[in-house]
Amino acid sequence: MKKLIFILLLSSVLLTTSVNLAIAGSAKSNVSQKHMTKVNLNTASLEQLVSLPGVGKKKAAAIIEYRTKNGKFKSVEDLMNVKGVGKKMLDKLKEQVTAG
């Protein structure tokens with residue numbers, strides 16, 4: 001009888017652990033999908049630009065002002081033409097933004 005109780009208890013623990021791991025894996029997958037969506041420099045709102053790392057309201061406004069005055073960004077590298085955006089920032093943003 002003790003063996004049966006032990007086996008049931010052990011099975012219960014293993015089942016609970018498996019379910020928790022499956023839920024955690026699912027949540028991680030949803031987070032990964034959010035990060036895969038790139039922000040389009042030519043259509044992004046101020047709020048979308050501010051969501052990027054290192055981009056505050058001033059820099060986001062400068063990006064919007066640049067595209068208003070100069071037209072669409074032809075490439076992500078054109079972002080370096082915006083005042084306050086240098087190589088270091090471009091490297092941070094390169095994987096998270098698109099110009100097309």
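If only one of K94, K83 is without any contact (Cβ under 8 Å) to a residue 24 or more places away in the chain and either at positive phi or under 13 Å from the mean Cα position of the chain (by Cα) (or both), which one is it?
K94
Tell me which residues, restricted to segment 50-100, are farther than 13 Å from V39 by Cβ and of a type in the set (S, T, N, Q).
Across segment 50-100, the qualifying residues are T68, N70, S75, N81.
Could you list, in sequence order, all residues of segment 12-48 that are more than 12 Å from the chain's Cα centre (by Cα) and modelled with pLDDT of 75 or more?
N40, L41, N42, T43, A44, S45, L46, E47
Six or more apart or on different chains, Cβ under 6 Å: which pairs go from a residue in segment 41-60 that's in contact (Cβ under 8 Å) with a residue 12 or more places away in the chain to one that's surrounded by 12 or more Cβ atoms within 10 Å (Cβ to Cβ) and of a type in the set (F, W, Y)? Could you list them?
L41/F73; N42/F73
Against the definition (surrounded by fewer than 10 Cβ atoms within 10 Å (Cβ to Cβ) and at pLDDT 95 or above), how does E65 come out, yes or no?
Considered against the rule, which asks whether it is surrounded by fewer than 10 Cβ atoms within 10 Å (Cβ to Cβ) and at pLDDT 95 or above, E65 comes out as no.
Restricting the search to segment 39-54, which residues are outside any helix (DSSP H, G or I) and of a type outside the set (S, T, N, Q)?
Within segment 39-54, V39, L41, A44, L52, P53, G54 meet the criteria.
The values are calculated or read from the model by the stated rules, or taken from the named source; none is laboratory data. Everything numeric here is computed off the predicted structure, so don't read it as measured data. A quick note on method: Cβ atoms are made from the backbone with ideal geometry, for glycine too, and the neighbour counts reach across all protein chains shown.
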